[in-house]
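Single-structure report; data block below.
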Amino acid sequence: MNIGSIENHRGREGGALVYPVYSRRSGGLSLGVNLFPDAKVCTFDCPYCEVFPFKTDISFSVDPMAAALRGVIAEARARREAVRDICFSGNGEPTISPHFPAALLAAAKIRDELVPDAALVVITNGTGLLNAQTFELLRHAATGLALKLWLKLDAGTEDWYAKMDRSAVLFDRLIAAIKAFAAIAPFTIQTMLCAINGAPPPAEEAAAWERLLRELAAPGHLTGVQIYGKARPSPGLDASPVPAAVLETRAASLRAVLPESIPVEVFP
Ligand code: SF4
């Protein structure tokens, strides 16, 4: 795999188990681990989702993933490129894959052995926290394996959640699980701000989201907030960008109420 030629996520839709990308989130080379090389599998149906429809006959298993990860790290080293992180994201919600526990532990081992300075990241919509075993695995990884959990929280109200995430998972149940995790382990919040069918988030949504963030920060485990704009194409047509000023206004308002030690970043 030629790292130099890969600047977006298309490799994962071609069935790659590991796909190197230059990520604005990581600020450098990120090695994505894709647990769903055959088709998208997710508990959300976000209208802004960047995964385009695809189908392959490639199935996931841990050993080929681990071999691919080692290979891409070796290539990065040969190019004297620092690996900023190994990141579970890919074509859906990683925590619902039956391979997730073994794959996470294998990636942690490879990280420790080959690129100890790289972060180990799981990008999740949080629905895995409703499963007691997954909750415990993520708690253990976040507190014992230095896992960085980047948790999606697109809405502070049930109405906006329904528009942004279109999930069968009830908003109240999801928020309760996120609060339970926030009480005991470190996590970063990621929020997408965009318009749905031309309508930006209503004012009451912004206030509710900020209240919720303050509650989640209160136990002292919130390590950062990342506010995203819709910058990439998506197969759906319902979502569209909002002006960057909307993101900056949200961020400024949140910074004013959170402890200064919690960075609030904007990625328009
Ligand atoms: S949670 Fe992520 S993968 Fe799932 S639909 Fe939303 S953006 Fe797509």
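Taking the stretch 111-147 as the region of interest, how many residues are surrounded by 20 or more Cβ atoms within 10 Å (Cβ to Cβ) and in contact with a strand residue (DSSP E or B) (Cβ under 8 Å, 6 or more places away or on another chain)?
14
Determine whether PRO101 is more than 16 Å from the ligand (Cβ to nearest atom), over 14 Å from the mean Cα position of the chain (by Cα) and outside any helix (DSSP H, G or I). Step through it out loud before you land on a result.
Values: more than 16 Å from the ligand (Cβ to nearest atom): yes; over 14 Å from the mean Cα position of the chain (by Cα): yes; outside any helix (DSSP H, G or I): no.
Against the criterion (more than 16 Å from the ligand (Cβ to nearest atom), over 14 Å from the mean Cα position of the chain (by Cα) and outside any helix (DSSP H, G or I)), PRO101 does not qualify.
List, please: which pairs have Cβ atoms under 9 Å, are six or more places apart or on different chains, and start with a residue in the stretch 182-207 that is among the hydroxyl-bearing types (Ser, Thr, Tyr) and end with one that is crowded, with 19+ Cβ neighbours inside 10 Å and assigned to a loop (DSSP other than H, G, I, E, B)?
Note: pairs meeting the criteria are THR191/LEU153; THR191/ASP154; THR191/ALA155.
Kindly indicate whether ASP85 is in contact (Cβ under 8 Å) with a residue 60 or more places away in the chain, within 30 Å of LEU170 (Cα to Cα) and not basic (Lys, Arg). Let's see the steps before the verdict.
Details: in contact (Cβ under 8 Å) with a residue 60 or more places away in the chain: yes; within 30 Å of LEU170 (Cα to Cα): no; not basic (Lys, Arg): yes.
So ASP85 does not fit the description; no.
Could you please tell me which pairs satisfy a Cβ distance under 7 Å, a separation of 6+ or placement on different chains, a first residue in the stretch 32-55 that is without any contact (Cβ under 8 Å) to a residue 60 or more places away in the chain, and a second residue that is within 7 Å of the ligand (Cβ to nearest atom) and part of a strand (DSSP E or B)?
LYS40/GLY92; VAL41/GLY92
If I ask for residues that are closer than 23 Å to PRO235 by Cβ and either in a helix (DSSP H, G or I) or among the basic types (Lys, Arg) (or both), which ones from the stretch 34-74 would you list?
Result: LYS40, LYS55.
Within the stretch 53-93, which residues are within 16 Å of the ligand (Cβ to nearest atom) and surrounded by 14 or more Cβ atoms within 10 Å (Cβ to Cβ)?
The answer is PHE54, PHE60, CYS87, PHE88, SER89, GLY90, ASN91, GLY92, GLU93.
From the residues in the stretch 16-52 that are modelled with pLDDT under 90 and charged (D, E, K, R), which one is farthest from the ligand (Cβ to nearest atom)?
Ranking the qualifying residues of the stretch 16-52, first place goes to ARG24.
Consider only pairs whose beta carbons are under 7 Å apart and that are at least six residues apart or on different chains; among these, list those whose first residue lies in the stretch 107-127 and is within 13 Å of ILE73 (Cα to Cα) and whose second residue is within 16 Å of the ligand (Cβ to nearest atom) and part of a strand (DSSP E or B).
Listed pairs, sorted by first residue: ALA107/VAL33.
The values are calculated or read from the model by the stated rules, or taken from the named source; none is laboratory data. Just so you know, these numbers come straight off a predicted model, no measurement behind them. For neighbour counting, all protein chains shown are included, and Cβ atoms are generated from backbone atoms with ideal geometry for every residue, glycine included.
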